[in-house]
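Below: one structure, written as structure tokens.
Where a number appears in this text, it was derived from the coordinates with a stated rule and is not lab data. Fair warning: this is a prediction, and the values are worked out from it, not measured in the lab. Here the Cβ positions follow ideal geometry from the backbone for every residue, glycine too, while neighbour counts run over all protein chains shown.
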């Protein structure tokens, strides 16, 4: 799946991946790939700028650590990030249900009011 197709949803996906705990950048990319069954294979040039944007917004915080002699930046959700993820989930459910009324083959049209 192309990064452009995720426009408007990448931040929510990153927040959801970090909900399970702190991860370094490559582990975040691997989690996206794994949880999507390989469909989301995003380049670092897409993921890292989004993580920095989330950090500037106060939704994610990071710290540097050394693992096996290598410097890694580890990201974790802030309290505001957890709240933003809850809001993203609510918005997604509403959006998905609304679009589903049009695109799901079995979904009957809503009754007129």
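Quick notes on this one:
- Members of the range 58-72 found to be loosely packed, with under 14 Cβ neighbours inside 10 Å, closer than 18 Å to residue 14 by Cβ and either touching a residue at least 40 places away in the same chain (Cβ under 8 Å) or touching a strand residue (DSSP E or B) at 6+ places or on another chain (Cβ under 8 Å) (or both), listed by number: 63
- Subset of the range 1-26 [out of contact with any helix residue (DSSP H, G or I) (no Cβ under 9 Å at 6 or more places or on another chain) and surrounded by 14 or more Cβ atoms within 10 Å (Cβ to Cβ)]: 22, 24
- Any hit, the range 60-83, residues being assigned to a helix (DSSP H, G or I) and within 17 Å of residue 6 (Cα to Cα): no
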